[in-house]
Amino acid sequence: MGKPTGFLEYKRETAKVEAPKDRIKHFNEFRTPLKKEEQQKQGARCMECGVPFCQAGTMIAGMASGCPLHNLVPELNDLVYHGNWEQAYTRLTKTHCFPEFTCRVCPALCEAACTCNLDSQPVSTKENERAIIETAYANGWVTPRIPKVRTGKKVAVVGSGPSGLATAMQLNRRGHQVTVFERKDRIGGLLRYGIPNMKLDKSVIDRRIKLMEEEGVVFKTGVDVDIGKDITAKELQKDFDRIVLCCGASNPRDIKVPGREANNIFFAVDYLSSITKSLLDSNFKDKNFVSAKGKHVVVIGGGDTGNDCVGTAIRLGAKSVTQLEMMPKAPDERTEMNPWPEWPRICKTDYGQEEAIAVFGHDPRIYQTTVTEFIKDDKGNVQKAKLVKLEPKKDEKTGRMNMVPVEGSETIIEAQLVLIAAGFLGSQKYVTDAFKVDLTPRTNVATKPDQYETSVPGVFTAGDMHRGQSLVVWAIREGRKAAEAVDASLMGYSNL
């Protein structure tokens, strides 16, 4: 531990953030990292405590505490403090495939579990991670790791999101020949089309894909795996020694109420995808995206995706944005029932909500509220949404608390564009049917506990398709573990 009193001497500092009214004028990343010297002081704040929950990645009270990848956080922070950037990069990549992704989009489970939370603010580990990987790229330390020996084994990875990319990277570096199949026109899956450009600039993905191609990974876009479509499951099973399904939890949860068939009601993922594709294809000149300009926008769902919809709609000129959340507002600070090192169940105001407050003068979120009906005009376009307040009520039979409508609380609001960001239900049926794999009751692909091979020998799975909708960092963890399982099945052991 290089600075025993660092957490006492230095306050937490984070990247400089562009003002909301300025950043909504573009779709670029809007955080300016600290200077190297200042970032090193942030590394000095790490206490290197006896029990580093930051790297535990353990489940406490049903929620993850610490990094699922088990990044060696105290060691990394100490190396940052001492300015040993190259060694920090080497240490980080022992456990992590894509720190350039998580340092931008991860909610920082490591920081939530930091011991400094007990009486001050956590170490800025997420931004230390960004400083490490971007310094590594700037100095040419991130180079293709081409395997010296090839095993002669061929692996197909279906899906190019974070779990698919992690699986492909690990297996290729082991010496297997890996081909990644992606149904969209560009590689990246959720990273590419599910996360807006202002959170993750797509050049960051392209930079990594280029390296993986130089390492020997083959990427094929515009290829869907289906019975009798672009390529069939049987063809993959014939041509490859192993298959890894990393297709995500792609079935969005719907809102089934009267008027749902109205025009201009979209799932959030389709909305965000249309925006990013048009931005990448033509900088919006092709107009092939869902426009929010001059519209009253209603976002249904309060998670990260809902927040992304809020920020995106504001950038596209929405007249107003309302975000509906079924659950009550979380407390602003931890309660006694939610002690450290549990994940903090507190109210978080993210970038999209900050922008809405700056533009419209109020928080866009309405809690304990849901839609009961969409009202159309004579052309079939949605015009209004009927809302109802909800309250928690205990089910006498099951003992569970349910959110139920409050009688007489109905209201009607303007809504010319509705975005459903209510989460995902599981894997898509046509893929699982094609491979004939067993499913869990939640339609995730089933495996034995803590294993990755499906009910079909030689077919593995990873990521959201396996564990359900989750974080990018969990997807990377899944990809690494699935690669280890595939490698062991091919070689009889694994050194991954």
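Can you tell me which of (1) acidic (Asp, Glu); (2) at pLDDT 95 or above; (3) open to solvent by 80 Å² or more (accessible area, probe 1.4 Å) is the one GLU9 doesn't meet?
For GLU9, the failing item is (2).
Within region 102-144, track down each residue that is acidic (Asp, Glu) and either under 16 Å from THR90 (Cβ atoms) or in a loop (DSSP other than H, G, I, E, B) (or both).
ASP119, GLU129, GLU134
Is it the case that some residue within region 383-405 is closer than 16 Å to LYS295 by Cβ and in a loop (DSSP other than H, G, I, E, B)?
no
Kindly indicate whether any position in region 350-360 is under 19 Å from GLY423 (Cα atoms), open to solvent by 70 Å² or more (accessible area, probe 1.4 Å) and not in a helix (DSSP H, G or I).
no
Given (1) within 23 Å of GLU484 (Cα to Cα); (2) assigned to a loop (DSSP other than H, G, I, E, B), identify the lone condition not met by ALA422.
Status for ALA422: all satisfied but (1).
Filter region 147-161 down to residues that are under 29 Å from the mean Cα position of the chain (by Cα) and of a type outside the set (Ser, Thr, Tyr) and give me whichever is farthest from ASP224 (Cα to Cα).
Here the residue is LYS154.
Of the residues that make up region 460-478, is at least one open to solvent by less than 60 Å² (accessible area, probe 1.4 Å), part of a loop (DSSP other than H, G, I, E, B) and of a type in the set (A, V, I, L, M)?
Yes, some residue in region 460-478 is open to solvent by less than 60 Å² (accessible area, probe 1.4 Å), part of a loop (DSSP other than H, G, I, E, B) and of a type in the set (A, V, I, L, M).
Restricting the search to region 440-496, which residues are touching a residue at least 24 places away in the same chain (Cβ under 8 Å) and at positive phi?
Selection gives THR443, GLY458, GLY463, GLY468.
Which number in (1) open to solvent by less than 20 Å² (accessible area, probe 1.4 Å); (2) part of a helix (DSSP H, G or I) marks the one condition that GLY259 misses?
(2) is the only condition that GLY259 fails.
Could you grab me the full set of residues in region 302-322 that are within 22 Å of PHE424 (Cβ to Cβ) and surrounded by fewer than 22 Cβ atoms within 10 Å (Cβ to Cβ)?
GLY303, ASP304
Say we look at region 53-79 and pick out the residues that are assigned to a loop (DSSP other than H, G, I, E, B) and free of Cβ contacts under 8 Å to residues at least 24 places away in the same chain; which of these is least open to solvent (accessible area, probe 1.4 Å)?
The extreme case among them is LEU72.
Can you tell me which condition LEU490 does not meet? The list is (1) farther than 16 Å from LEU165 by Cβ; (2) open to solvent by 50 Å² or more (accessible area, probe 1.4 Å), and all the others hold.
With (1) farther than 16 Å from LEU165 by Cβ; (2) open to solvent by 50 Å² or more (accessible area, probe 1.4 Å) applied to LEU490, the lone miss is (2).
Among the residues of region 31-85, write down those that are among the basic types (Lys, Arg) and under 26 Å from the mean Cα position of the chain (by Cα).
ARG31
Out of all the residues in region 208-254, which are among the hydrophobic types (A, V, I, L, M, F, W, C), buried (at least 19 other Cβ atoms within 10 Å of the Cβ), at pLDDT below 95 and in a loop (DSSP other than H, G, I, E, B)?
Result: ALA249, single match.
Answer with yes or no whether LEU34 is part of a helix (DSSP H, G or I), among the aliphatic types (A, V, I, L, M) and touching a residue at least 12 places away in the same chain (Cβ under 8 Å).
Spelling it out, it is not the case that LEU34 is part of a helix (DSSP H, G or I), among the aliphatic types (A, V, I, L, M) and touching a residue at least 12 places away in the same chain (Cβ under 8 Å).
The values are calculated or read from the model by the stated rules, or taken from the named source; none is laboratory data. Bear in mind the structure is a predicted one, so any value in this text is a computation, not a measurement. Counting neighbours? That spans all protein chains shown, and the Cβs are built from the backbone with ideal geometry, glycine included. Remember, those area values only see protein heavy atoms, side chains included, never the ligands or the DNA or RNA. Shrake-Rupley method; radii C 1.70, N 1.55, O 1.52, S 1.80 Å.
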